[in-house]
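Here is the structure we will look at.
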2 protein chains.
Amino acid sequence: MTTSTKFSVDEAVAVLGRTPATMDALLRGLPDIWVRGNEGKDTWCAFDIVGHLIAGERTDWMVRMRTILDNGDARPFDPFDRFAQSRESQGKSMEQLLDDFACLRRENLVVLQALNLQQDDLARRGRHPTLGVVTLSELLATWVAHDLTHLHQLSRVMAHQYRDAVGPWSIYLGVLQCAGHSAG
Amino acid sequence: MTTSTKFSVDEAVAVLGRTPATMDALLRGLPDIWVRGNEGKDTWCAFDIVGHLIAGERTDWMVRMRTILDNGDARPFDPFDRFAQSRESQGKSMEQLLDDFACLRRENLVVLQALNLQQDDLARRGRHPTLGVVTLSELLATWVAHDLTHLHQLSRVMAHQYRDAVGPWSIYLGVLQCAGHSAG
């Protein structure tokens with residue numbers, strides 16, 4: 001099976017709608033080793049990752065979709081603050097973050113689905129501040145892949161807590177060979 | 001925060017007990033693009049990954065724990081058949097696999113917790129057919145990291161389906177830079 005050639009909003013929403021419950025099932029009530037453990041100085045723990053997903057719901061995906069629909073590629077998107085969560089998550093529990101994420105995502109998907117986007121809409125162009133011209137379907141696909149990037153990161157950060165505990169098995173565990181692949 | 005130095009069965013069970021619900025939240029009812037899409041010839045799709053986790057519950061983790069407790073390092077573990085799922089999942093739906101995985105994992109954790117393993121037990125040694133001497137705590141930690149390795153793989157396989165759809169954003173998405181890190 002090769003990669004899909006035609007983007008479908010329903011297929012994207014199928015993943016976007018499941019991410020909060022996935023994070024919830026994995027993280028709610030977990031001991032601190034898993035919630036607060038990171039990969040070393042200036043890296044993210046599970047708590048930071050969920051905070052970052054919340055920031056995306058508030059300031060990235062829907063705002064950029066609106067910019068494309070209202071302004072096309074005449075006006076570049078505002079850059080996304082990848083560190084907003086360090087301020088906004090302060091004093092909250094993981095459980096509060098999971099609730100916030102679920103609530104914001106649900107609201108955003110209601111708005112997205114109410115727009116009932118057609119193929120013409122999906123082809124509309126916007127302007128990314130560094131990447132240049134992008135389309136609405138690329139933005140929506142990136143929203144999905146961004147969820148998956150952070151699930152990928154989360155599994156790696158959690159596995160890192162057992163880097164020593166697994167002993168000689170570490171060579172067989174792919175996630176322990178992964179050094180991350182981006183700044184985010 | 002550095003990696004944990006003392007292995008705790010409760011911390012391990014906290015993750016092991018959540019993996020079936022995590023997979024369920026992510027995968028149940030998803031369109032085929034996400035369930036059946038793989039990364040190319042001879043690679044695994046989500047359906048294969050859940051089948052592999054089931055095979056581990058049946059033939060790997062608990063059997064090896066029993067071998068350590070009964071035989072110590074006198075008798076090497078039987079090798080783990082990493083391809084058993086292609087036979088055993090045949091004709092089943094993803095939903096059946098998710099139910100089977102949840103049921104087997106729940107049963108295995110009941111048995112594990114009933115053993116009430118102490119520090120002395122966790123230090124007991126077994127013999128891996130290729131890695132040599134390992135301890136019971138290393139086996140249990142590997143069970144956890146193996147779940148996380150396959151969650152890591154699953155997020156990567158799913159993201160691969162949108163490799164083209166995200167357009168120029170692909171360079172910012174860490175999961176799309178990940179080429180996998182092991183055979184499993």
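The values are calculated or read from the model by the stated rules, or taken from the named source; none is laboratory data. Note that the structure is a prediction, hence the values are computed from the model and not measured. Cβ coordinates were reconstructed from backbone atoms using ideal geometry, including for glycine residues, and neighbour counts include every protein chain displayed. These accessible areas exclude ligands, DNA and RNA; they are computed on the full protein's heavy atoms, side chains included. Shrake-Rupley method; radii C 1.70, N 1.55, O 1.52, S 1.80 Å.
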Relative contact order, percent, of chain A when contacts are C-alpha pairs under 8 Å separated by at least 6 residues?
-> 30 percent
Computed, not fitted: 222 nm per-residue ellipticity of chain B from DSSP H runs ≥ 4 (each -39500 (n - 2.57)), nearest 500, equal to -17500 deg cm²/dmol
How many partner chain Cβ atoms sit within 10 Å of a residue's Cβ in peptide B:13-25, on average, as a whole number?
-> 4
Of all accessible heavy-atom area on region B:1-149, the percent that carbon and sulfur account for (1.4 Å) | 49 percent
Once you have a ≥ b ≥ c as the square roots of the Cα gyration tensor eigenvalues for the protein assembly as shown, tell me rounded if a/c is under 1.5, and otherwise prolate or oblate according to whether a/b is larger than b/c.
-> prolate
Once the Cα gyration tensor of region B:1-84 is found, what semi-axes does its equivalent ellipsoid get, as square roots of 5 times the eigenvalues, in whole Å, sorted largest first?
-> 29, 20, 12
Of all chain A residues, the one whose C-beta is nearest the axis that brings A onto B, in angstrom = A:A25, 2
For A:R28, label point 7 Å along C-beta direction: distances to other copies, nm = 1.3
Provide an ascending nm list, one decimal, of label-point separations from A:K92 to the equivalent residue in each further copy; define each label point as 7 Å from Cα along Cα→Cβ.
-> 3.7
Other-copy label distances relative to B:D73, 7 angstrom Cα-Cβ extension, nm = 6.4
In whole µm²/s, the translational diffusion coefficient that Stokes-Einstein assigns to region B:126-184, given a Kirkwood hydrodynamic radius over C-alpha pairs, 20 °C and 1.002 mPa s, equals 156 µm²/s
How high is the FRET efficiency between A:T130 and A:I171 when r is their beta carbon distance and R₀ equals 30 Å, given to the nearest 0.05?
-> 0.20
Report the trypsin sites (Lys or Arg not before Pro) located in region B:10-118 that are in a DSSP loop and have at most 10 other Cβ atoms inside 10 Å of their Cβ, or state none.
-> B:K41
When each of A:K41/A:K92; B:K41/B:K92; A:K6/A:K92 is checked by Cα-Cα distance, pairs over 29 Å | A:K6/A:K92
Using a basic spin-label model with each label point 7 Å from the Cα along Cα→Cβ, how many nm lie between A:A179 and B:Q90?
-> 4.3 nm
Pick from B:W61, B:W169, B:W34: which is most flexible by mean-square fluctuation in a GNM of chain B where alpha carbon atoms under 10 Å apart are linked?
-> B:W169
Distance histogram for region A:20-133 (every C-alpha pair counted, 10 angstrom bins, percent rounded to whole numbers) = 13, 36, 30, 18, 4
Can you work out ³J(HN,Hα) from phi for every residue in region B:46-61, in order, using Karplus 6.51 cos²θ - 1.76 cosθ + 1.60 and θ = phi - 60°, giving whole Hz and x for Gly and Pro?
-> 4, 4, 5, 5, 5, x, 5, 5, 5, 4, x, 5, 7, 10, 10, 4
Anyone know which of B:L27, B:L115, B:L97 comes out most mobile in the 10 Å Cα GNM of chain B?
-> B:L115
Most mobile of B:G37, B:G167, B:G56 per a Gaussian network model of chain B (Cα springs, under 10 Å)?
-> B:G167
Accessible surface buried once B binds A (1.4 Å probe; total of both sides; Å²) | 5700 Å²
